[in-house]
Structures are given as structure tokens and as C-alpha cells.
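Below you'll find the structure, written out as C-alpha cells, and then a few comments.
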Amino acid sequence: QVQFVESGGGLVQPGGSLRLSCVPSRNFFVSASMAWYRQVPGKERELVATLTRIGRTTYLDSVKDRFSIFRDNAKNTLYLAMNNLVPEDTAFYYCNTYPEKAEYWGQGTQVTVSS
């Protein structure tokens with residue numbers, strides 16, 4: 001019955017920054033292997049970044065130099081720091097375990113990068 005709740009999205013200009021947050025709605029610890037995903041309506045979901053239980057990270061090539069995935073275990077919150085945003089980053093962003101569990105998907109948070 002876990003469902004993740006994402007927040008922190010919004011409208012930013014190219015070159016701007018956002019920090020997304022993800023919290024579980026029920027008893028779940030984000031010290032598990034986690035990931036951020038994004039999806040544009042009508043397109044397939046992309047894996048943006050992963051953070052394993054032991055702290056290893058991976059990134060989609062197009063965001064590798066600009067995004068950072070991390071967690072605060074004291075707050076039980078997963079984050080995605082996004083810098084130097086470009087219009088191609090526009091999407092709904094979701095967090096989930098890695099690999100994902102279908103029943104855990106939340107509603108996502110909208111990120112729009114536009115002038």
C-alpha cells in the first residue's frame with residue numbers, strides 16, 4: 001500500500017534549477033534502492049537517475065552533468081537536484097523503487113522549462 005508523493009516541480013527558465021522531493025505515504029524507508037523517472041505524455045517513461053541501497057548512483061546520459069540524486073534518511077525523503085535545466089527536461093517526474101513497483105507510482109510533479 002506504499003505510494004510515493006512527489007513535490008517541488010514548477011515552471012523555470014532554461015538555465016534554472018529545481019529540487020524535487022519524494023516521500024512515501026506509508027511505512028517505507030527510502031534507504032532502499034530508489035530512482036527518479038520522467039515521462040512526457042504520449043512518450044515512454046525514462047529512467048533519469050538511480051540510487052542504490054549502498055549509495056551508488058547512475059544517470060541518464062543527457063542529465064549526468066546536471067542532475068544529482070540523493071536522500072536524507074533522517075527525513076526519509078528522496079531528492080533530485082536539477083541544475084542548468086533545458087526545455088528537453090520538461091516532463092512529469094516520478095520517484096519509485098529501483099526496479100520500480102507498479103503499485104507504488106504516485107501522481108508525479110510537473111517540471112516545465114520554458115522561456
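The values are calculated or read from the model by the stated rules, or taken from the named source; none is laboratory data. All figures in this text were calculated on a predicted structure; none of them were measured in a lab. Quick reminder, even Gly has a Cβ in these numbers, built from the backbone with ideal geometry, and neighbours come from all protein chains shown. Keep in mind that these areas ignore ligands, DNA and RNA; they rest on the heavy atoms of the full protein, side chains included. Shrake-Rupley method; radii C 1.70, N 1.55, O 1.52, S 1.80 Å.
Quick look at the numbers
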quantity	calculated
Percentage relative contact order, the chain, counting C-alpha pairs under 8 Å, at least six apart	38
Fraction of accessible area attributable to carbon and sulfur, the chain (%, probe 1.4 Å)	47
At R0 = 22 Å, FRET efficiency that the Cβ-Cβ distance of Leu60 and Glu103 yields, to 0.05	0.35
Per residue, in Å², the accessible surface of the stretch 45-93 once ligands and nucleic acids are set aside, probe 1.4 Å	56
Of the chymotrypsin sites (Phe, Trp or Tyr not before Pro) in the stretch 23-69, those whose Cβ has at most 14 other Cβ within 10 Å and which sit in DSSP loop	Phe29
Magnitude of the charge dipole, the stretch 39-109, Cβ model with Lys/Arg +1 and Asp/Glu -1, debye to 20	280
